[in-house]
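> Quick one: the structure is below, and I'll ask about it shortly.
No value in this document is a laboratory result; all are computed from the given coordinates. Just so we're clear, the structure is a prediction, and the values are computed from it rather than from any experiment. A quick note on method: Cβ atoms are made from the backbone with ideal geometry, for glycine too, and the neighbour counts reach across all protein chains shown.
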Amino acid sequence: MIIWHNTGDASRIPEHVSAGDEVVLWIGTHPIEPGQAVWVEMKLLKADGRELTATQPALWQSNSEHRNNSYWVAEIGTFDSGDRLEYCICGSCDTTRVESTEAYAFDVS
């Protein structure tokens, strides 16, 4: 299982996050296989110095049979000005855990 995010077909919406924006992550996986799961592991760094962690499941949206890809969506919420969110996209197929090759982050304006 290969996982990707922050590409043309699997983006973060919005790309530049402002306070109060609902943030949605599109995630791609390859190949199409039964028994897959995808989730986002997050660390939120608040402007006041607090650190919060959370895990958000992604929901399957569709398959691209032509490309043998599956697409998933994780709605990760809204954030405050000055927040920084660091996150990793993770998944599994049966009992094998997979992580995206990159860590991602954004600052909230």
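> Working out 0.36 nm times the residue gap between Ser18 and Leu45, then minus their Cα-Cα distance, what length gain in nm do you get to one decimal?
8.2 nm
> Looking only at Cα atoms, what is the convex hull volume of the chain per residue, in Å³?
So the per-residue Cα hull volume is 87 Å³.
> Which whole-number percent gives the relative contact order of the chain, counting Cα pairs below 8 Å spaced six or more residues apart?
Result for the chain is 33 percent.
> Of Trp60, Trp72, Trp26, how do they rank once you tally other Cβ atoms within 10 Å and put the fewest first? Write out the running numbers ahead of the final one.
Values: Trp60 14, Trp72 25, Trp26 19.
Listed from fewest to most nearby Cβ atoms, that is Trp60, Trp26, Trp72.
> While we're here: Take Phe79, Phe106 and order them by how many other Cβ atoms sit within 10 Å, fewest up front. List each step's numbers first, then the result.
Numbers: Phe79 21, Phe106 18.
So the residues, fewest neighbours to most, are Phe106, Phe79.
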